[in-house]
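*Asks:* Starting off with a structure, shown below.
The values are calculated or read from the model by the stated rules, or taken from the named source; none is laboratory data. For clarity, every value in this text was computed on a predicted model and none was experimentally measured. Cβ sites come from the backbone with ideal geometry, for glycine too, and all protein chains shown count toward neighbours. All accessible areas refer to the heavy atoms of the entire protein, side chains included, with ligands and DNA or RNA removed. Shrake-Rupley method; radii C 1.70, N 1.55, O 1.52, S 1.80 Å.
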Amino acid sequence: MDSQHWRATITAAQSGDRQALDELVAGWLPLVYNIVGRALNGHADVDDVVQETMLRAVDNLGSLRDPDSFRSWLVAIAMRQIRDRARRRTADRLEEAPSADFAELTVLRLQLEGQRREVAEAARWLDDEDRQLMSLWWLEVAGELTRRELAAAIGVTRQHAAVRVQRMKERLETSRGIVRALDGACPDLRELTGRWNGRPDSVWRKRLARHIRGCGYCGGTHETVVPAERLLVGIALVPLPVGFTLSLAFGGKTAVAATSAGWSAKLLGALTKPAVAMTAGATIVAGGAYVVTQPPDAPPPRAAVTPTATATSGPPPSATPSPTPTPTPSPSAKRRADLYGTVVDAVDRAPDPDARPAALPRRPESGITSTGGPRAVMQHRGDSVTLSGRGYVLVRWQISPHARPGGVVMPTWTGLKGKLFHVASGGSRRMDDPLPGAPNGYATGMGGPDIGYAVLPPGTQQMWQNEYFYVDGTVTLTQNERGCDYGIAVFPSDWEAVDKDVNEGPAQGAIRYGLVRDTGRDSAPVPQYVTRSTPADPATVPQRSRV
């Protein structure tokens, strides 16, 4: 989401702008619904907990000092309501069956198949605490939350959160094994489950897991089991059910009580006065009731990033299909485009390790100045560096799926004035190359089965350890980390350093020689994710290699 836009919207809502409040509710209700729905697995209390969460958020919006912390603040409120609901339940309600299984809803509404369906259904077998944590972790992997927000929501440090997530993932993998086994045809398992009422619980989870560990049929792996975080990357939020109603009326509150909670008289009047305001896919009606108006036959939303079939059967592939081509421009338009940046956005395969690179064209150099100095290290979302001048720049990658695997939101080049070329790739390896004696659970620079993988958006060129660019003008590079943890370091460089790097190959101990991309002309590659404009959120820059 555009952080600058939401900051302005939150500030306006705090000042009494009813339209801004409507937009705030419409924008964030789906996130709350998914957290609560998955944490409670669709229990009949989901609507009540979502309602209470949004009411508390609206009621206390005036007390929020930093609009940038709104999302973590809202998620923390949701988790408190979920825990309060668990403490309030009576013994009778503990035995109450879910009214609308959220795992089933996830499978149907998002059209999940194969191992993605398996992960969704495995959530049924988790205990309440694990399911609550999974509701956050699922959104973290999908890029909707950060690890910092996850940790804040459950009230622990990031280090403790990593431990809890790892333990939850282990129990999730056990539950996935149960789902696979129940789909199988083991006669011993059928006999064992003859006394089972069909409702997942911790007792039967232990019984079935014990059977699977000792059963050659159930314990055998008939296909490559993909880590859950790779399966969840890019899965969209489950849409709100049609007819879902959220009342934002104050109910029995008096005007004095509401105003003392930090609300302005203007906002209170707007909330209690009958009004109808249309929002995206919903309506705010009299008394502040929020009603979803999506038609019953509306298609489910498509994920922003959908891993290919290949990507769900093992480590990240070296190639994925390129995006749908754009319509062919007119001859005159094509001639103008050909002058600069004609390389299409398609994955390139790794060259043979022993293939020496082509000669690197020498471009004019007058030097590069960087707002980050001679070595800018960007570790967090929103970090940026502006480069000016004429010369070469090194961008060095550090992927950290051991800290947080998932989808990579790529860095972006914005505000380009002049020209920018992707001239070479080096650093002795591509990031998806197997690592000899891989440490700490890594199989490649993109991760491994023990720690999970970094997953690129479809059509993205696989990055190398070192990527070299040529700047002739001014451009800003922004780190957009969200999903998989990564960092990049930016160094002004020169032709000699680039040429030396790409020509260091296996004979010198590298995994492979580098790759020269520069043609020496304006038809040389333009980086993906580049624009001459300056968007409010650089992470939204479309993938393309023509500017």
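*Asks:* Hey, what does the equivalent ellipsoid look like for region 141-186, semi-axes from the Cα gyration tensor as sqrt of 5 times each eigenvalue, largest first, whole Å?
*Replies:* Here the semi-axes work out to 30, 12, 6 Å.
*Asks:* Give, in whole angstrom and from largest to smallest, the semi-axes √(5λ) of the equivalent ellipsoid of region 391-547, with λ running over the eigenvalues of the Cα gyration tensor.
*Replies:* For region 391-547, the semi-axes come out at 25, 21, 11 Å.
*Asks:* Tell me the volume per residue, in Å³, of the convex hull enclosing the alpha carbons of region 111-170.
*Replies:* Spread over its residues, the Cα hull of region 111-170 gives 82 Å³ apiece.
*Asks:* Measure off, as a whole percent, the carbon and sulfur share of the 1.4 Å-probe accessible area of region 131-224, all protein chains present.
*Replies:* Of all accessible area on region 131-224, carbon and sulfur atoms account for 47 percent.
*Asks:* Using C-alpha positions alone, give me the convex hull volume of region 8-62 per residue in cubic angstrom.
*Replies:* Each residue corresponds to 67 Å³ of Cα convex hull volume.
*Asks:* Also, quick follow-up: At a Förster distance of 51 Å, what's the computed FRET efficiency of GLU191 paired with ARG83, Cβ-Cβ distance as r, to 0.05?
*Replies:* 0.85
*Asks:* Moving on. On full extension of the chain, what length is gained from HIS380 through THR474, given 0.36 nm per residue of separation minus the C-alpha to C-alpha distance?
*Replies:* 31.6 nm
*Asks:* Something else: Over the residues of region 478-547, compute the C-alpha Rg and express it relative to 2.2 N^0.38 Å.
*Replies:* 1.43
*Asks:* Report the extension gain between ASP128 and THR369 in nm, rounded to one decimal, defined as 0.36 nm multiplied by the number of residues separating them, less their alpha carbon distance.
*Replies:* Going from the current span to full extension adds 81.4 nm.
*Asks:* Pop a pseudo-label 7 angstrom from the Cα along the beta-carbon direction at both GLU496 and ASP352 and give the gap in nm to one decimal.
*Replies:* 3.2
*Asks:* For the pair ARG210 and GLN543, how long in nm is the line joining their label points, each one 7 Å along Cα→Cβ?
*Replies:* Roughly 4.8 nm, to one decimal.
*Asks:* Can I ask one more? Which whole-Hz couplings ³J(HN,Hα) result when phi for each residue of region 213-219 is put into the Karplus expression 6.51 cos²θ - 1.76 cosθ + 1.60, θ = phi - 60°, listed in order with x for Gly and Pro?
*Replies:* So the J values, rounded to whole Hz, are 4, x, 10, x, 6, 6, x.
*Asks:* OK, next. May I ask you to compute the full-extension gain from GLN4 to ALA443, defined as 0.36 nm times their residue separation minus their alpha-carbon distance, rounded to one decimal in nm?
*Replies:* Length difference between fully extended and current span is 154.2 nm.
*Asks:* Report, ordered by chain and residue number, the aspartates and glutamates lying within cross-link reach of LYS500, taken as a straight Cα distance under 20 Å and ignoring same-chain residues fewer than 8 apart.
*Replies:* Cross-link targets: ASP352, ASP354, GLU365, GLU467, ASP518.
*Asks:* Taking a cut-off of 16 Å between Cα atoms, list the aspartates and glutamates near LYS417, but don't count ones fewer than 8 places away on the same chain.
*Replies:* Once the sequence-local aspartates and glutamates are set aside, what remains near LYS417 is ASP472, ASP522.
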